[in-house]
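Below: one structure, written as structure tokens.
The values are calculated or read from the model by the stated rules, or taken from the named source; none is laboratory data. In this text the structure is predicted, and so the values were computed from the model without any measurement. Counting neighbours? That spans all protein chains shown, and the Cβs are built from the backbone with ideal geometry, glycine included. SASA here: full protein model, heavy atoms, side chains in, ligands and nucleic acids out. Shrake-Rupley method; radii C 1.70, N 1.55, O 1.52, S 1.80 Å.
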Amino acid sequence: MEVDYIVVGQGISGSLLSRNLLTAGKSVVVIDELNVNSASRIAGGIINPVTGMRQVRSWMIEELMPFAHSVYSEIGKELNLDIVRQIAILDFPASRDAEDTLRGKHGEQNEFVHAEPADNEWERYFRFNYGAWRIGPCLLVDIGGFANEWRKRLKDTGALVEEKFVWSECKVMTDGVVYKNIAAKKIICCEGAGGADNPYFNMLPWSKDKGEALIVSIPGLPADIIFRQGISIVPWHDGLFWVGAAHDWKYTDLQPTLSFREKTSAQLDYWLKLPYTIVDHLAGLRPANLERKPFAGLHPVHKSIGILNGMGGKGVSMAPYFADQLAAHLVHHTPILPAADVGRFAKILSR
Ligand SMILES: Cc1cc2nc3c(=O)[nH]c(=O)nc-3n(C[C@H](O)[C@H](O)[C@H](O)COP(=O)(O)OP(=O)(O)OC[C@H]3O[C@@H](n4cnc5c(N)ncnc54)[C@H](O)[C@@H]3O)c2cc1C
């Protein structure tokens, strides 16, 4: 079989990139070993314009958020899926300092941070001492739902190979690659955290980060808003809530941990007034890196190999924009934003 592109990995990065390349009229085969705990299948799905303890404006959010909204809306129409909605985060500061930070951001006319009226309805659901602040607009995206539906589409059209890709079976030439019986002009690597084991890109500054979430039933809690106090309670599928997520760079395995479950339950016991039941516990790896910027583009030495990865904890907002940039680069040779272009690591990747 001969194709224009092999895409390795079918998380949000590989799904969006393969869709863009197919839309541009290119032939594509996607190779993916299904991992139900991959980042894209367990992510909360939030695009949040201000993040971190200091409520800092997210990188390029003015461009990334509207772009992502338009891409996910288009995909929703195309696949007949309800995958994106505008939502707000209700942040309950856990301390006077955290409250001061939010008040400061509000005072700076930050268009994303708004004080919640003092006589709000939230005391029916939560215990809190330092007020409530509304952060928005944010987006909530069902990237797992999209990835699953897109996988079906690829399978139905014969464009999916469900197996683990191994480099020992791949012949890399200057003008293309041959993997088993598939010849392609280029291979684009979208393996998420697996990218750190890719022999062509393992020198990039990976900093893989384990995340966990509980899936919880909370009868009576409104499902049209995200609640946050250190952890976030996010509307999930089937009337359930996703509660997460931890960051762990020193993990020893990929299993859900008792410590996360106990810590998160203790926080819910203290904060939430409603009874809840834990129905599942998820754990997976974020493909994070020290620069917190994506890796997009062709290998500086091996021009038949490319990458779309490094989305870290922000793949929901970054993947649509950079999948679009990479597809345009491959098809029309347009430049990739220098801050995201993997060419910025040319020196290290040329060793
Ligand atoms: C707990 C948690 C919560 C998160 N919440 C959010 C959030 O709210 N908002 C946000 O923006 N981001 C969030 N993220 C981050 C987000 O999930 C990631 O940035 C994004 O999903 C990365 O997508 P990806 O396609 O690059 O990688 P992945 O989703 O990891 O996909 C990689 C795919 O490649 C496949 N693969 C790898 N190696 C091979 C191989 N050799 N052969 C075949 N297949 C292979 C894997 O099986 C997988 O299907 C969260 C992550 C976690 C873990």
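Things worth noting here:
- Sorted on the mean count of surrounding Cβ atoms within 10 Å across their residues, most packed first, peptides 208-217, 65-74 read 208-217, 65-74.
- Along the range 163-179 the Karplus relation, 6.51 cos²θ - 1.76 cosθ + 1.60 evaluated at θ = phi - 60°, assigns HN-Hα couplings of 6, 7, 7, 10, 5, 5, 9, 10, 9, 9, 10, 5, 10, x, 9, 10, 10 Hz to successive residues, with x for each Gly and Pro.
- The radius of gyration of the Cα set in the range 279-351, together with its Dmax, comes out at 13.7, 48 angstrom.
- Annotation for residue 334 and residue 114: the two label points, set 7 Å from Cα along the Cα-Cβ direction, are 3.3 nm apart.
- Eligible lysines near residue 273 by straight Cα distance, threshold 27 Å, same-chain separation 8 or greater: 263
- Rounded, prolate or oblate (a/c below 1.5 giving rounded, otherwise prolate when a/b exceeds b/c) for the range 222-285 by Cα gyration tensor: prolate
- Gaussian network model of the chain, Cα within-10 Å springs - most flexible of 107, 145, 310: 107
- Convex hull volume of the Cα atoms of the range 45-167, normalised per residue: 180 Å³.
- By the rule of a C-alpha distance below 22 Å, with chain neighbours fewer than 8 residues away ignored, the lysines paired with residue 185 are 26, 155, 164, 171, 303.
- Rolling a 1.4 Å probe over the heavy atoms of the protein chains gives the chain an accessible area of 46 Å² per residue.
- Angle in degrees between helix 143-156 and the longest Cα principal axis of the chain, rounded to the nearest 10: 30 degrees
- Fluctuation leader among 170, 190, 138 - the chain, Gaussian network, Cα springs under 10 angstrom: 170
- Charge dipole of the range 26-171 (Cα centre as origin; +1 on each Lys and Arg Cβ, -1 on each Asp and Glu Cβ, all else neutral): 280 debye, rounded to the nearest 20.
- Only Lys, Arg, Asp and Glu carry charge here, each on its Cβ (+1 for the first two, -1 for the last two); on that basis the range 230-351 has a dipole of about 520 debye about its Cα centre.
- For the range 194-351, the C-alpha radius of gyration sits at 1.28 times the compact-globule guess of 2.2 N^0.38 Å, with N the residue count.
- Prolate/oblate/rounded call for the chain, Cα gyration tensor, a/c under 1.5 rounded: prolate
- Length gained when the stretch residue 178-residue 277 is fully extended (0.36 nm per residue, less Cα-Cα span): 30.6 nm
- Spin-label pair residue 57/residue 302, simplified geometry with 7 Å Cα→Cβ offset, distance in nm: 4.0 nm
- Residues whose amide H comes within less than 5 Å of that of residue 246, counting only those at least five positions distant or on another chain, are 212 (H built at 1.01 Å from N in the peptide plane).
- Helix-only [θ]222 nm of the chain, DSSP H runs n ≥ 4, -39500 (n - 2.57) each, per residue, nearest 500: -8500 deg cm²/dmol
- Among 18, 1, 49 the positive-end extreme of the charge dipole of the range 1-160 (Cβ point charges): 1
- FRET efficiency for the pair residue 74 and residue 207, taken as 1/(1 + (r/R0)^6) with r the Cβ-Cβ distance and R0 = 22 Å, rounds to 0.10.
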